[in-house]
Amino acid sequence: MYGKSLNRPGYDEVFYDFFYYRWNTLPQYDFLILGDDLAFNFYLEHKDEFFKEIPAVFFGINDTEKALGQNKNPYCTG
């Protein structure tokens, strides 16, 4: 997601459009690696739309409470 260098107002919408295009034109992902809060939040916000049964591993998440909230999700760990 390039969150550290590109996280500016409007980035979420631009990234969503970019990701939506890729999702609909390239092969499906086998798994996800979520390396920061921005990526983790995108996953949580769009998991039902894009990542329903795709395994995800996260790390480097600062929001511990939100990360622990994924304990019941069989497709997400970190």
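The values are calculated or read from the model by the stated rules, or taken from the named source; none is laboratory data. Remember, predicted model here, so these are calculated numbers, not experimental data. Cβ placement follows ideal geometry from the backbone for every residue including glycine, while neighbour counts extend to all protein chains displayed. Areas reflect the complete protein model, heavy atoms only, side chains present, ligands, DNA and RNA absent. Shrake-Rupley method; radii C 1.70, N 1.55, O 1.52, S 1.80 Å.
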**OP:** Place a +1 charge on the Cβ of each Lys and Arg in the chain and a -1 charge on the Cβ of each Asp and Glu, then give the dipole magnitude about the Cα centre in debye, rounded to the nearest 20.
**Re:** 140 debye
Original post:
With all protein chains present, how much of the accessible area of the chain (probe radius 1.4 Å) comes from carbon and sulfur, to the nearest whole percent?
Top reply: 55 percent
Original post:
Distance in nm between label sites at Asn62 and Tyr20, each 7 Å beyond Cα in the beta-carbon direction?
Top reply: 2.8 nm
**OP:** Within the chain, report the GluC sites (Glu not before Pro) that DSSP leaves as loop and that have at most 12 other Cβ atoms within 10 Å.
**Re:** Glu49, Glu53
Original post:
Using Cα pairs under 8 angstrom and six or more residues apart, how large is the relative contact order of the chain, in percent?
Top reply: 28 percent
Subject >> Column: log10 I(q)/I(0), Debye, Cα scatterers of the chain, q = 0.11, 0.22, 0.24, 0.26 Å⁻¹ >> reply: -0.28, -1.11, -1.28, -1.41
Original post:
So which chymotrypsin sites (Phe, Trp or Tyr not before Pro) in segment 22-78 end up in coil per DSSP with only 13 or fewer other C-beta atoms within 10 Å?
Top reply: Phe31, Phe59
